[in-house]
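Q: After the structure tokens below, expect a handful of questions from me.
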Amino acid sequence: MNMASTASAATVLVYLGANASPDLEVRLAALCPDTKFIESAVYPERTGDSPVAARHVARIQVDASVARVGGRVGLPTVSDGHDLAVINQVLDDKLIPLLWTRFGGKFRWRHLNEVKRFEVACALVKAALSVCRQERPRKVIFAYEPHMVPMYLFKKVCEALGIETVTLVVSPFNWRLFVDEVGSSSFALPPQGASAQTHASVVRFIDEKRSDYSVAKPFYENRKIRKGALGRLLHFGKVNRWAPHRVVPGWRLRNRYAELTSPRSSFERKPFVCLFLQFQPEQTTLPDGGVFAHQLLAIQLLHAAVAPLGLALVIREHPATFEYAFDAKWRPGDFYDTIRGFGPDIHFDEMSAEPYSLIRAARAVCAITGTVLLEGLLQGRAAIAFGKHPLKGLKMPAFVDQFDDEVDLREKLRLAMTQPQPEVIVQAEAYLHRVYPGTFGASEYVGNANMTLDLLRQARNQALCDVVGQLAKCVDTAKSTERACKS
């Protein structure tokens, strides 16, 4: 049953997640009075509230019927919600077991065995079915891709029921967002080959990305970390709250990586491709990485593809892995030794070394979804993406993001590396100018040196308001059409 097609569907549901704030909710509700805000009782993400917002906005906890005392989850007591086609479709998702790693240790302990976790997933799906039947939403808007189990399953249920979903996703521009749609096409990008107007903000952004790393370095990576072994240890202990199960394995693994690193002189004289690992757990790999959320699978596939071409493989760890909370589930003690075991000519780059010189020396730059993909293209290098990357709609010979196996990847990489560097840069810049009008957020780029987390948050809130405002007009038009048909 396609619930979105029912004539009485009018409600727009909005998921804000960690972005939720009373001011933003009131602002969005003013743009679209039919808005109701959805959140999870099992995994609450709201950090603040106010009596004013509570009186002026409608909220729904989509899994309230399955939340139990003591942080447990049980099957709902209602007798409906047994749509087996939807339940089977949603529970077939391969990422659900991995998404359990996003829950806290206490929640995982309360639902420790596999049968109980399967029951929790069933309960959450049935709760989502019940809410969708009750609300019959016209659209469901997600401020970002849900990556906690309850809201992830809610979105999958919406899609299985044919409800239109709109999700704001990362774009190449950190002050702007793309829109992903399922069931509608209100936000289509300009087509490939369309003439592109030059935008001053894009020009500034490109100039920074093509400059030295001191200029291009993302603002959020300008962390003032204490130098020296003792300083790093004190910082690492602090961010991990001195928890032994985090500090000890994390410190040991950092030292192991340092033991395995090679000076660049040992591999820069030979052709190589470099893969930039990503910090985990993050949305950019789970769910955006798909099967390659486990990055070892990407590394193994890449090595199998490049070794017959006579290319070495250079691995560069993300510095944040050892600067923020360490998660041994995603970086177990044998992680780097497993990579070494994939075959010969695999090297590890020093995390403290400047990355742009590595990019410029490489034949191709690889990542699951990272911003380094664009940085490589803007330096004229081939790029390989393994997951749902931010370069939406990019089609060019030097960029590889679809392949069937290591043989297919090898042939596509072979072609990608033959592309002239100046042509790669021109095509990448043209892409940025073409898609910029299809993004939402701040109207102007303030520059990397002036960007802050507060400005980033404001830009993303503005993107959400712009999208909701545009959709509200579409909803009003649809409701007017329905009334006209009835009269």
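Q: Each residue of segment 321-330 in turn: what ³J(HN,Hα) in whole Hz from Karplus with 6.51, -1.76, 1.60 and θ = phi - 60°, glycine and Pro shown as x?
A: 4, 10, 10, 10, 4, 8, 10, 5, 5, 9
Q: What's the ranking of 85-96, 280-291 by average number of surrounding C-beta atoms within 10 Å, highest first?
A: Listed from highest to lowest mean packing, they are 280-291, 85-96.
Q: May I pose another question? Which percent of the accessible area of segment 224-379 is formed by carbon and sulfur heavy atoms (probe 1.4 angstrom)?
A: Carbon and sulfur atoms account for 56 percent of the accessible area of segment 224-379.
Q: At 0.36 nm per residue, minus the direct Cα-Cα distance, what do E114 and I60 gain on full extension? Give it in nm, one decimal, please.
A: Values: separation 54, 0.36 × 54 = 19.44 nm, distance 2.88 nm.
Once the chain is fully extended between E114 and I60, it gains 16.6 nm.
Q: Still on this structure: If we sort 371-381, 410-420 on the protection proxy, mean other Cβ atoms within 10 Å, highest first, what's the order?
A: 371-381, 410-420
Q: Can you match P(r) over Cα pairs in 20 Å bins from 0, in percent to one of these, (1) 17, 34, 24, 18, 7, 0; (2) 21, 54, 24, 1; (3) 19, 41, 33, 6, 1, based on a calculation from the structure here?
A: Label (2) holds the value from this structure.
Q: Follow-up. On average, how much accessible surface per residue is there in segment 61-165, in Å², for a 1.4 Å probe, leaving out ligands, DNA and RNA?
A: 43
Q: Output the peptides 122-129, 319-326 sorted from most to least packed, where packing is the average of other Cβ atoms within 10 Å over each peptide's residues.
A: 122-129, 319-326
Q: A further question follows. At N255 and D23, where each label point lies 7 Å from the Cα along Cα→Cβ, what is the point-to-point distance in nanometres?
A: 4.7
Q: With θ set to phi - 60°, apply the Karplus curve 6.51 cos²θ - 1.76 cosθ + 1.60 along segment 173-188 and write out the HN-Hα couplings as whole Hz, x wherever there is a Gly or Pro.
A: For segment 173-188, the Karplus curve yields 9, 5, 9, 9, 10, 7, 10, 9, 10, 10, x, 7, 9, 7, 10, 5 Hz.
Q: Here is a further query. Report the calculated FRET efficiency for A304 and K473 (r = Cβ-Cβ distance, R0 = 51 Å), to the nearest 0.05.
A: So, using R0 = 51 Å, E works out to roughly 0.50.
Q: Let me check against my output: what whole-number percent is the relative contact order of segment 379-449, with C-alpha pairs under 8 Å and at least 6 apart?
A: Values: 52 pairs, mean separation 24.7, N = 71.
So the answer I get is 35 percent.
Q: Another one. Using the Cα atoms of segment 64-142, I'd like the radius of gyration and the largest Cα-Cα distance, Dmax, both in angstrom.
A: 13.3, 38
Q: Using a Förster radius of 45 Å, what is the FRET efficiency between A30 and D92 based on their Cβ-Cβ separation? Nearest 0.05, please. Write down the numbers at each step before the final one.
A: Numbers: r = 40 Å, r/R0 = 0.88.
In this case the efficiency is close to 0.70.
Q: Calculate one ³J(HN,Hα) per residue across segment 260-274 by plugging θ = phi - 60° into the Karplus curve 6.51 cos²θ - 1.76 cosθ + 1.60, and present them in order as whole Hz with x for glycine and proline.
A: 8, 5, 10, x, 4, 4, 7, 10, 6, 7, 10, x, 8, 10, 10
Q: Now for a different question. List the equivalent ellipsoid semi-axes of segment 355-438 in whole Å, largest first, each obtained as the square root of 5λ for an eigenvalue λ of the Cα gyration tensor.
A: Ellipsoid semi-axes (Å, largest first): 18, 15, 13.
Q: On to the next question. Would you mind calculating the gained length between A320 and L75 on full extension (0.36 nm times residue separation, minus the Cα-Cα distance), in nm to one decimal?
A: 84.3 nm
Q: Now for a different question. Take the residue pairs K139/K388; K126/K395; K217/K388; K156/K238 and return only those whose Cα atoms are more than 30 Å apart.
A: Table pairs above 30 Å Cα-Cα are K126/K395; K156/K238.
Q: Over segment 336-487, consider all pairs of different Cα atoms and compute the Kirkwood hydrodynamic radius from their mean reciprocal separation; express it in Å, one decimal.
A: Computed over segment 336-487, the radius equals 18.9 Å.
Q: Now a separate question. Starting from the alpha-carbon convex hull of segment 120-242, give the projected area averaged over all orientations, in nm².
A: Projected area, direction-averaged: 13.0 nm².
Q: I've got another one for you. Collect residues whose amide H, placed 1.01 Å from N in the peptide plane, falls under 5 Å from the amide H of T11; neighbours closer than 5 in sequence don't count.
A: Hits under the 5 Å cutoff: R138.
Q: Same structure again: Test of understanding: what is the full-extension gain from Y213 to T101, defined as 0.36 nm times their sequence separation minus their Cα-Cα distance?
A: That pair, Y213 and T101, stretches by 37.0 nm at full extension.
Q: Measuring with a 1.4 Å probe in the full set of protein chains, what accessible area per residue, in whole Å², belongs to segment 216-266? Before the final figure, lay out the partial values.
A: Working: 3360 Å² over 51 residues.
Result: 66 Å² of accessible area for each residue.
The values are calculated or read from the model by the stated rules, or taken from the named source; none is laboratory data. Predicted, not measured: the structure shown is a model, and the values here were computed from it. Neighbour counts run over all protein chains shown; Cβ positions are idealised from the backbone, glycine included. What goes into the accessible areas is simple: the full protein's heavy atoms, side chains included, and nothing from ligands, DNA or RNA. Shrake-Rupley method; radii C 1.70, N 1.55, O 1.52, S 1.80 Å.
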